[in-house]
Amino acid sequence: MELKTIFMAFFIITTMVSFAYPSLGQEDVDEEPLVKSGPEMDVVEAISPASQEYNMYMLENLPPKFTTYLENCMDKMGPIFRRCNEDVIEEILTKKPVSRECCMKVVKAGKECYVEIRKLMFRFYQLKLFASQVSFRTNEVWDRCSAEVENSSSSHDD
């Protein structure tokens with residue numbers, strides 16, 4: 001049999017199976033939190049000298065234009081940025097919702113800023129092990145916050 005025929009047969013079978021059982025290739029990402037709140041989250045946040053060195057090296061090697069962009073994003077959130085950033089990471093990892101106040105600051109900064117800050121945060125040594133698993137949850141947090149802010153602003157208009 002020709003290689004091209006084998007490939008086409010494999011492709012057709014794979015396509016038919018994926019249509020018949022679309023959930024085979026998808027993980028149910030909503031089931032469990034990536035980290036449990038409390039002591040397990042404290043371990044994730046712990047910084048060792050080696051991780052600190054890794055983080056500093058990573059930050060020092062960011063393009064200056066990107067660093068300026070991120071600083072502007074952080075400025076949009078104001079002095080509450082650090083706390084809200086930690087709370088957003090905790091929601092992504094543990095599903096513990098951030099406050100309405102933090103949601104308002106996140107939405108005020110904009111989705112592009114939110115996404116770029118999340119990408120950066122999950123490059124840090126303590127969080128990089130979750131980087132491949134958080135994309136969906138990062139979007140869920142954004143969607144929840146933007147809906148919450150939209151609902152609260154429309155209820156004030158009434």
Greater than 19 Å apart at Cα, pairs in K76/K119; K76/K128; K76/K105: K76/K128
Translational diffusion of segment 100-148, µm² s⁻¹ [Kirkwood Rh, Cα pairs; Stokes-Einstein; 4 °C; 1.567 mPa s]: 116
Sequence-distant residues sharing a close amide H with Q126 (under 5 Å, placed H): none
Rough spin-label spacing in nm, given labels placed 7 Å along Cα→Cβ, for F66 and S99: 3.2
³J(HN,Hα), Karplus 6.51/-1.76/1.60, whole Hz, each residue of segment 57-72, x for Gly, Pro: 4, 4, 5, 5, 9, 6, x, x, 5, 5, 4, 4, 4, 4, 4, 5
M74-Q52 pseudo-label distance in nm [points 7 Å out on the Cα-to-Cβ vector]: 1.7
Projected label distance in nm at R82 and S135, using a 7 Å step from Cα toward the beta-carbon: 3.2
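Throughout, read-outs are computed from the coordinates displayed, never taken from laboratory work. Keep in mind it's a predicted model, so treat the numbers as computed, not measured. Glycine gets a Cβ as well: all are built from the backbone with ideal geometry, and neighbour counts include every protein chain shown.
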